[in-house]
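Step one of this worksheet: look at the structure below.
The values are calculated or read from the model by the stated rules, or taken from the named source; none is laboratory data. Remember, it's a predicted structure, so these values are computed and weren't measured experimentally. Quick reminder, even Gly has a Cβ in these numbers, built from the backbone with ideal geometry, and neighbours come from all protein chains shown. Surface accessibility is based on the protein's heavy atoms, side chains included, excluding ligands, DNA and RNA. Shrake-Rupley method; radii C 1.70, N 1.55, O 1.52, S 1.80 Å.
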Amino acid sequence: MASTEGLVPITRRFLASYYDKYPFAPLPDDVSRLSDEIRSITSDLLKDSPPRSQDEEEIVLLKEAEGEPPHKIDENMWKNREHMEEILFLLDKSRCPPALQNDSELASVFSILKDKFQKTLSALQAFQAKNSDHIFNTVMTYMPQDFRGTLIRKQKERSERNKQAEVDALVNSGGSIRDQYAVLWRQQMDRRRQLAQLGLATGVYKTLVKYLVGVPQVLLDFIRQINDDDGPMEEQRQRYGPPLYSLTVMALLIRLFISLAWGRFEAKKLTRDQVAVLEQAVDVYTNEFERFLSFISEVFANSPFFISAEAVGALEARNNDDYKEVNIPAGKTHEVSLSVESVNSYIAWDFSLTQGKMNMDIGFSVECTDPSGQKALILPYRRYESDQGNFSTCISGNYKFIWDNSYSAFFKKVLRYKVDCIPPVVEPVQSAGETDA
């Protein structure tokens, strides 16, 4: 692999010099002005009709509006997404007050507002998906480019399927949008915690990291410290957090405005001036939030903490110390056993024969003996010059790899091989009361 001498994890000071090249044009004064106007309207609505003890959603929203927005950039992204989904839920025809539905002009206004929020929500969802894939693929660039990298990808895919299944189960059981986003944020923190565990080689990753021969230590250091409270990402929060925090508050106030208005619509219909303020606020919020997404996407895509493969260098193909080489005499076999304790582990192999003037092949098969002593053929016998493959285990037991040169009467075979088992990644369990800085 290329030398990593002189490379260090990206520092906050280094990022600061990079961010100097990417100043964010300030939000227009309309953001604070309209936020204040909406806050004033909600105060008037509450003065005439205070929330009742059974109005839990209103009470929670009011308490949130009195507090500060989250500090983390990604948590603010999730908060804006939550607010937009809640607003779209309120603007659905089935949720609108009957009196509003009977007012065609007013119904048309709110239909337009709904379309604007839907467009902005789609842009945010696309940004999050693209950013998540970019980060993972960048990290994977520095993982061994053999079957082990494939196994890590599969473990990640399985982990993401489990996370999605958890969200689907919550939705299907009648969980609220707020409950759904609480789970989504916890899952996001789980991903962050897993990266930190990989950098520290703790938990299940203590087992996993031993397979990552050739991963630059600079990468492990980077993913360990990137989200520290005073680490590189704090510079990003200081630079770009304030405008995002203002937009998060604005989205919350718009949501609170609509929620309060809907609950009091029969008793007090919205005035044209109030609707005009809401129209302006939605227009400013959606435009400015999409502008922020476009800007931060460019910053993320070019950020130097996404170290380029050219800078670090790719792994030299098949030049890792963990490959073994063995001579298999004519008429003999060579066997390797792996003890597997967990189902859904990934077993993988990679082998080839050192070829001379004549092309050689060798028989290869895989069998399993379960804890009761029963044997099963996993991979049928076949002759190969080389092969690479993997599978997910259905049972625990002893898995035996067999290279068979018994059919050869004269020629020994020089086998270069590697076999491994990576256990399933166990989703971290967050204990009661555990919080993140």
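Between the alpha-carbon centres of region 54-107 and region 341-397 there is a gap of 55 Å. These residues, Glu288, Glu68, Glu298, go from largest to smallest accessible area, 1.4 Å probe, as Glu68, Glu298, Glu288.
Judged by the ratio a/c of the largest to the smallest principal axis of the C-alpha gyration tensor, region 43-124 counts as oblate, that ratio being 1.5 or greater while a/b is no larger than b/c.
Going by average Cβ neighbours within 10 Å, how do the peptides 377-388, 405-416 rank, with the highest at the top?
On the way: 377-388: 13.2, 405-416: 14.7.
Ranked by mean Cβ neighbours within 10 Å, highest first: 405-416, 377-388.
Ordered from highest to lowest accessible area with the whole protein assembly present and a 1.4 Å probe, Met84, Met233 read as Met233, Met84.
With a Förster radius of 60 Å applied to the beta-carbon distance between Lys412 and Asp273, the computed FRET efficiency rounds to 0.05. Could you tally the net charge around Pro329, taking each other residue with its Cβ under 11 Å from the Cβ of Pro329, Lys/Arg +1 and Asp/Glu -1? Once all neighbours under 11 Å are counted, the net charge is +3.
Rounded, prolate or oblate for region 17-66? Axes are the square roots of the Cα gyration tensor eigenvalues, ordered a ≥ b ≥ c, and the cut-off for rounded is a/c under 1.5.
On the way: a/c = 7.21, a/b = 2.32, b/c = 3.11.
In terms of gyration-tensor shape, oblate.
Please give the FRET efficiency for Asp92 paired with Ser297, using the beta carbon to beta carbon distance and R0 = 51 Å, rounded to the nearest 0.05. Working from the Cβ atoms, E equals 0.95. A full extension of the chain between Asp55 and Phe391 corresponds to an added length of 115.7 nm, given 0.36 nm per residue minus the alpha carbon distance.
Taking label points 7 Å from Cα along the Cα-to-Cβ direction, Leu46 and Gln374 give a separation of 6.6 nm.
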